[in-house]
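The values are calculated or read from the model by the stated rules, or taken from the named source; none is laboratory data. Not measured: the values here are computed from a predicted model. Counting neighbours? That spans all protein chains shown, and the Cβs are built from the backbone with ideal geometry, glycine included.
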Amino acid sequence: MVKQEFKAESKRLLEMMINSIYTQREIFLRELISNASDAIDKIYYKALTDDSIAFNAADYYVKIAADKDSRTLAIYDTGIGMTQEELENNLGVIAKSGSLAFKKENESKDGHNIIGQFGVGFYAAFMVADRVTVTSRALGSDQAFKWESEGADGYTIVPADKGSVGTEIVLHIKPNTEDDNYDEFLEEYRLRAIVKKYSDFIRYPIKMDVTGSRPKADAAEGEQPEFESYVEEQTINSMVPIWRKNKNELTDADYEQFYHEKRYGFDKPLKHIHISADGAVVYRAILYIPESTPFDYYTKEYEKGLELYSNGVLIMDKCGDLLPDYFSFVKGMVDSEDLSLNISREMLQHDRQLTLIAKNIKNKIKSTLLSLLKDEREGYEKFYKAFGRQLKFGVYNDYGMNKDVLQDLLLFHSSKENKLVSLDEYISRMPEDQKFIYYATGGSIERIEKLPQTELVADKGYEILYFTDDIDEFAIKAIMTYKEKAFKSVSSGDLGLEPDADSDKQEAEEAGSKALFEQMQTLLSGKVTKVKASKRLKSHPVCLTSEGELSIEMEKILSAMPN
Ligand code: ADP
Ligand code: MG
C-alpha cells in the first residue's frame, strides 16, 4: 500500500479549506448529502439515454447512520459510485469536480439538478472528522475501492469489498477538546435537524434509523403501560418542496403551514405570493406579507432577508440583497438554479442574476400590495397599520428616489371621508379649481380637527389629509408632487387661496391695528417672527403659520432630535 502525497499547493489549500472556508461546521453534512444526491442524479441522467439502465425510484436513497460507540458517522448512497481513477481524480485533487464535468458533458439533457461545481465540498468532512473512509463501487464495475485520508497528509486507495453500486463515506468524528464539542454530530436529533435545515428538499429520500418509544402491547387494561424503545427507519426530508408544486394544487392552508413550519412568523400571513419565473432568470419563490408587526421590527435587531436556495439546497438563511429596506417586512424564500455561488456556497457573488431576481420580486410585492389595496381594503388597512410607517420611511430615506414604487401605497386620514385614503383617491375627488393637496399636522386626529388653520381650507370644501405620524410630513416632502399637484400645509404662510383683490383693504386694516400688533410682537419676542392680520380665520381669533419649507410640526420634530 503506497501512500500518495498531495502536491504542496494542495496541502496548503486543504488546510485553508478545512479551517476557513465555512463559517459553520454543520455544513459538512449538507455537502456530503449534496454529493450523494448528485451521484444518484447521474444514474438518473444516464438512464434517460441508456436503456440498459433502469431507474427504479425506490432503489435510490441516501442513508445516514451514527454510531456513538465507534464514534463514526456514515453516509451511504446508491448513486453512480466512483472507480479507482475517479476516487483519485475527484477526491485526490482538490478543486476538481467530477460533477461539474458531468454537467458539462450532459448539458443538452433537461433538469439541471446537479449541485456540485467547485470540487471542495467533500473536504468539509475534515472539519468534524480526523479520518475519512470512502468505499465506492462504480456503476458497471464489480470491484470496489477504499479511499482513506486523515487530512492534509495524503490518502491511500486499496481494493475493497462492496456488495452493491454506490458509495459509503465513514467519518471518524474528532474527539472533544476543551473548546470544541463534536459529540453533537453523533446525536440523532441534531443530525435530523441539520438535514431538515439544509437538505430538506433534496429530491431523494434521506433515511435514518430513528429511535422511538411506545407503550408495550401486552399491558393489561387499566394499568399504566410500560414503554419500550424501538428502532425504525424513517425518511427525514420532505423531498418535494412546496414551491415546486403547482399553484392549483395548493390551498391557503398549505401556504400557511409552510409559513409556520419555516417560522417566518407566528401570525397568520395576510397574503402569499407564489412566483415561478421562467424568463431572463429562472427562479421560484414563495413570499408572505405578514399580518402583524414582529416584536423587534422597528428595532436595530431586526434583520431583513429571504431564505435562499440553490437547487433545493439552503444557501443563506437571510439574503438581505433580495429585499429593499422598504419591503423588509416580507418573509419567504427564493430557489434558483442560476445563481453564481461563492466557493463555500454560503454566499453569493453579486451578480446580474441576483439583481434581476431582486428587481422582479420588488415589482411583484408592489403589485400584490396594490391589488390588496384595490380589492381587499380591510386587509390592506391591517397591513398598513403594521407596516405603513416602514413605507413612509422608505420614501423619506431614499430622498424620494423610490417614490414611484411607494407613493401609491400610502394612506392618510382624510377630513372628508373620516378614514384612510390614498393619494390617488384624494386627487380623484379634487374640485377643478383646487391647486394643492392640503394637509394638516398634529399629534392626533382630534387635535388636528380643532386646529384653527384648517378652517379656511375646509370652508372652501377642500379635503385635508391629517398627518398624525412624525414621518408623514417628511415623506411627502420627499415625494414633492403627486400627479403634478404639490402638497401644502394648512399652516403655511401662503395657502394659495387667499383672495388677492382685497390686499388694499388688508393693508388698511393692518395699519389700524399696527400699534396692537407691535405690542404683541414685543411680548412674544423670540417666539414669533411677525404678527399680522389673516384672512383664513373664521371662528378662531388667532393661529400660527410658518414661512418657507419647514412646517411648525417639522421644526418641532427636528429640534427634538439629538444633534
Ligand atoms: P463538487 O461536489 O463541488 O464537485 P466535492 O468536493 O463535493 O465537489 O466532490 C468532488 C467530486 O467527487 C464530485 O464532483 C464527484 O465527482 C465526486 N464525489 C463526491 N462524493 C461522491 C459520491 N457520494 N458519489 C460519487 N461521486 C462523488
Ligand atoms: Mg459537492
Quiz prompt | In region 49-65, the residues that are of a type in the set (Ser, Thr, Tyr) and at pLDDT 85 or above | solution = Ser52, Tyr60, Tyr61
Quiz item: Name the residues in region 341-360 that are outside any strand (DSSP E or B) and farther than 23 Å from His274 by Cα, would you?
Solution: Asn342, Ile343, Ser344, Arg345, Glu346, Met347, Gln349, His350, Asp351
Quiz item: Pick from Asp69, Asp59, Asp51: which is exposed (fewer than 12 other Cβ atoms within 10 Å of the Cβ) and more than 30 Å from Asn181 (Cβ to Cβ)?
Solution: Asp51
Practice problem: Determine whether Phe122 is within 16 Å of ligand 2 (Cβ to nearest atom), closer than 29 Å to Val240 by Cβ and in contact with a Lys or Arg (Cβ under 8 Å, 6 or more places away or on another chain). | Solution: no
Self-check item: Test: residue in region 17-36 that is closer than 20 Å to Glu105 by Cα, touching a residue at least 12 places away in the same chain (Cβ under 8 Å), buried (at least 19 other Cβ atoms within 10 Å of the Cβ) and away from ligand 2 (no atom under 16 Å from the Cβ)
Solution: no
Quiz item: Going by the conditions given, is Ile43 of a type outside the set (S, T, N, Q), closer than 21 Å to Glu346 by Cβ and at pLDDT 75 or above?
Solution: no
Self-check item: Output for region 88-101, where each listed residue is under 32 Å from the mean Cα position of the chain (by Cα) and either part of a loop (DSSP other than H, G, I, E, B) or hydrophobic (A, V, I, L, M, F, W, C) (or both)
Solution: Ala95, Ser97, Leu100
Exercise. Kindly indicate whether any position in region 252-274 is within 26 Å of Tyr204 (Cβ to Cβ) and assigned to a loop (DSSP other than H, G, I, E, B).
Key: yes
Quiz item: Is it the case that some residue within region 243-251 is assigned to a helix (DSSP H, G or I), surrounded by fewer than 11 Cβ atoms within 10 Å (Cβ to Cβ) and polar (S, T, N, Q)?
Solution: yes
Quiz item: Mind checking which pairs have a first residue in region 235-262 that is of a type in the set (D, E, K, R) and a second that is part of a loop (DSSP other than H, G, I, E, B), Cβ under 7 Å, 6 or more apart or different chains?
Solution: Glu256/Lys268; Glu256/Pro269
Quiz prompt | Residues satisfying the stated conditions in region 194-215, i.e. touching a Leu at 6+ places or on another chain (Cβ under 9 Å) and either assigned to a strand (DSSP E or B) or among the aliphatic types (A, V, I, L, M) (or both) | solution = Ile194, Val195, Met208
Self-check item: Unique residue being under 14 Å from Ile33 (Cα atoms) and of a type outside the set (A, V, I, L, M, F, W, C) when the list is Asn106, Asn113, Asn181
Solution: Asn113
Practice problem: Select, from Lys68, Lys109, the only residue that is over 20 Å from Pro205 (Cα atoms), in contact with a helix residue (DSSP H, G or I) (Cβ under 6 Å, 6 or more places away or on another chain) and at pLDDT 90 or above. | Solution: Lys68
Quiz item: Does region 98-111 hold any residues that are within 15 Å of ligand 2 (Cβ to nearest atom), within 16 Å of Asn311 (Cβ to Cβ) and not aromatic (Phe, Trp, Tyr), and which are they?
Solution: Ser99, Leu100, Lys103
Quiz item: Do the conditions hold for Leu314, that is, is it outside any helix (DSSP H, G or I) and in contact with a Cys (Cβ under 7 Å, 6 or more places away or on another chain)?
Solution: no
Quiz item: Scanning region 74-87 for residues that are surrounded by 17 or more Cβ atoms within 10 Å (Cβ to Cβ), among the hydrophobic types (A, V, I, L, M, F, W, C) and more than 33 Å from the chain's Cα centre (by Cα), which turns out nearest to Leu139 (Cα to Cα)?
Solution: Ile80
Exercise. Of the numbered conditions (1) under 23 Å from Asn360 (Cα atoms); (2) assigned to a strand (DSSP E or B); (3) among the hydroxyl-bearing types (Ser, Thr, Tyr), Tyr230 fails exactly one; give the number of that condition.
Key: (1)
Exercise. Go through region 36-53 residue by residue and tally those that are farther than 12 Å from Tyr76 by Cβ, assigned to a helix (DSSP H, G or I) and either within 10 Å of ligand 1 (Cβ to nearest atom) or of a type outside the set (Lys, Arg) (or both).
Key: 10
Exercise. Report, by residue number, each residue of region 119-159 that is touching a residue at least 60 places away in the same chain (Cβ under 8 Å), surrounded by fewer than 19 Cβ atoms within 10 Å (Cβ to Cβ) and assigned to a loop (DSSP other than H, G, I, E, B).
Key: Leu139, Ser141, Gly151, Ala152, Asp153, Gly154
Practice problem: Tell me, please, whether a residue that is over 37 Å from the mean Cα position of the chain (by Cα), aliphatic (A, V, I, L, M) and over 30 Å from Asp130 (Cβ atoms) can be found in region 55-64. | Solution: no
Quiz item: Of all the residues that make up region 208-232, how many are exposed (fewer than 11 other Cβ atoms within 10 Å of the Cβ) and of a type in the set (D, E, K, R)?
Solution: 6
Quiz item: So Asp77 clears everything in (1) within 18 Å of Ile53 (Cβ to Cβ); (2) in contact with a His (Cβ under 7 Å, 6 or more places away or on another chain); (3) charged (D, E, K, R) except one condition, right? Which one?
Solution: (2)
Quiz item: If we keep just the residues of region 381-405 that are without any contact (Cβ under 8 Å) to a residue 12 or more places away in the chain and in a helix (DSSP H, G or I), which is surrounded by the most Cβ atoms within 10 Å (Cβ to Cβ)?
Solution: Lys385
Quiz item: When the residues of region 88-97 are filtered to those that are at pLDDT 85 or above and closer than 15 Å to Gly116 by Cβ, which remaining residue is farthest from ligand 2 (Cβ to nearest atom)?
Solution: Asn89
Quiz item: If you take the residues of region 329-369 that are among the polar types (S, T, N, Q) and either buried (at least 18 other Cβ atoms within 10 Å of the Cβ) or in contact with a Lys or Arg (Cβ under 8 Å, 6 or more places away or on another chain) (or both), which of them is farthest from Val405 (Cα to Cα)?
Solution: Ser344
Exercise. Assess whether Asp325 counts as being touching an Asp or Glu at 6+ places or on another chain (Cβ under 9 Å) and among the acidic types (Asp, Glu).
Key: yes
Exercise. Could you check Lys247 against (1) more than 30 Å from Asn311 (Cβ to Cβ); (2) within 25 Å of the chain's Cα centre (by Cα) and say which number it fails?
Key: (1)
